[in-house]
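The numbers here are math on the coordinates, done by the rules we state, and not lab data. On a predicted model such as this, the values are computed, not experimentally measured, just so you know. No Cβ is skipped: glycine too gets one built from the backbone with ideal geometry, and neighbour counts run over all protein chains shown.
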């Protein structure tokens, strides 16, 4: 009966076996460590998101509640007669309670701005009602035109019809002389001006 011989497990095979054992050990360690690292990274990201949401919540709310404000406000339009008007102001702030209202600081309105004889209306403050198309002015209201100078407490200009009305201790000067009243109105594209309420005047002869 013949003998069967096997390859000898000599010294040349031992380094490969040791390397294989080391790789197996590293792989077992990585199988434990990698999931732990992934979990830790995920938990850290979640923590950052929660912290940012909590810390940024009030700031975002404050930003949302901040009124919209424009500096050097300017609005150009035309009334139903085709006359151009230009409204400017030092600043304009939209009302938080009613977005159709714009609060103006030191507004100035140029009526019939494309004509050679425009009329200027200015005041300390005003409110533009976008929905109604009306501009309300109060605080040292001044109306100045070619032959007209009127000071009053308040005035309202209708941007659609072009009608201008004012009230409150009016003192005016026209081409005919001086006039005092409680209210006034400018109609027919500025061709007619009517004073009402305790009207007193002094006509100057040329």
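Inside the stretch 78-88, can you point out the residues that are in contact with a strand residue (DSSP E or B) (Cβ under 6 Å, 6 or more places away or on another chain) and more than 18 Å from residue 123 (Cβ to Cβ)? Hits for the stretch 78-88 are 78, 84. Filter the stretch 90-124 for residues that are surrounded by fewer than 17 Cβ atoms within 10 Å (Cβ to Cβ) and under 14 Å from residue 155 (Cβ atoms); which is nearest to the chain's Cα centre (by Cα)? Only one residue fits best here, namely 124.
As a summary of the residue check, residue 87 satisfies the conditions (1) over 22 Å from the mean Cα position of the chain (by Cα); (2) assigned to a strand (DSSP E or B) except for the one numbered (1).
Scanning the stretch 160-182 for residues that are within 23 Å of residue 110 (Cβ to Cβ) and not in a loop (DSSP other than H, G, I, E, B) yields 164, 165, 166, 167, 168, 170, 171, 172, 173, 174.
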